[in-house]
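Since every read-out is calculated from the coordinates, none of them should be taken as a lab result. Since the structure is predicted, the reported quantities are computational estimates derived from the model, not experimental observations. Note: ideal-geometry Cβ built from the backbone for every residue, glycine included; neighbour counts use all protein chains shown.
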Amino acid sequence: MFSNQSRSIHPMVPVLGVLLAAFTWQAGANSASRPPAQPTAVATVDIPEIIDQLEERKVREAELEARTKTRQAQLDEVAEQLRTVQADLETLKRGTDEYKDKVRQAMEMQAVVKARNEALNQILSIDRGNVTREMYDNVVTAISNIADREGYDIVLFDDSLFPVPEDASFADVYRSIVSRSVIYHHNSVDITAQVVTLMNNEFTAP
């Protein structure tokens, strides 16, 4: 026989039951109100391939080449002056004041040529970097337009095209593997050609 005390119901049990029922109902309501996950449309692009095929790239490269030739001509002019001074040194007698002045002049011009050459390389690198950044911004705009038109939710840079290095250190191999965003994709999701076509058509349009 159970005692009356053992059969008695704790006064908190009904309250806990009500709370549990309410929690269960709320969880069910939340689950019912949440829509099922929709499939995500994904595409991939090969950014270097896009830039390489752009008509804009050819034009911008030609502009860079023209600026390079202009700056190189200015540098060559100073270098030619230096060669003239060095040739004069060969005709002068060592130890004379004229010879010493010419040596100082040559040293100054050598410093100028070196500084201008370093500055030219840096300027050209910055120019090329700016052009590349501007073209990349245009690529991103084209990709966004195609994604909006075709209904892609995500467009990934296809870094699976870059091979894992052989005969490299563990750190380099490991970094190459773990830094990848795309391991595999079907060719049907690649929109590289669409981006190239869109951008070239827009660039060459009258």
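Which of Glu56, Glu108 comes first, and how do the rest follow, when ranked by fewest Cβ neighbours within 10 Å?
Working: Glu56 18, Glu108 12.
Exposure proxy ranking, most exposed first: Glu108, Glu56.
Positive end of the charge dipole of segment 42-204 (Lys, Arg +1 and Asp, Glu -1 on Cβ, about the Cα centre): tell me which of Asn200, Tyr99, Ser179 has its Cα farthest that way.
Selected residue: Tyr99.
Order these by the 10 Å Cβ neighbour count, fewest first: Lys93, Lys100. Provide the component values of the computation, followed by the final result.
Numbers: Lys93 7, Lys100 12.
Listing Lys93, Lys100 from fewest to most nearby Cβ atoms yields Lys93, Lys100.
Of the options Val78, Ile126, Ala142, report the single residue whose Cα projects farthest towards the positive end of the charge dipole of segment 42-204 (beta-carbon charges: Lys, Arg +1; Asp, Glu -1).
Val78
What are the semi-axes of the equivalent ellipsoid for segment 35-94, taken as the square roots of 5 times the Cα gyration tensor eigenvalues, largest first, in whole Å?
Values: eigenvalues 675, 36, 12 Å².
Equivalent ellipsoid of segment 35-94: 58, 13, 8 Å, largest first.
What ranking of Ile123, Ile191 emerges when the number of other C-beta atoms within 10 Å of each C-beta is taken as an exposure proxy, fewest first? Could the numbers behind the result be given before it?
Numbers: Ile123 14, Ile191 22.
Ascending number of Cβ neighbours within 10 Å: Ile123, Ile191.
Per q in 0.09 Å⁻¹, report the Debye log10 I(q)/I(0) for segment 42-204, using one uniform scatterer on each alpha carbon and no solvent.
-0.56
Any idea what the relative contact order of segment 42-204 is, in percent, if you count C-alpha pairs under 8 Å spaced at least 6 apart?
It rounds to 45 percent for segment 42-204.
Could you tell me the center-to-center distance, by alpha carbons, between segment 68-90 and segment 97-134 in angstrom?
The distance from the Cα centre of segment 68-90 to that of segment 97-134 comes to 11 Å.
Note the count of lysine pairs whose C-alpha atoms are less than 25 angstrom apart in segment 42-204, limited to pairs 8 or more residues apart or on different chains. Mind dumping the intermediate values first?
Numbers: Lys58/Lys69; Lys69/Lys114; Lys93/Lys102; Lys100/Lys114; Lys102/Lys114.
Final tally of qualifying lysine pairs is 5.
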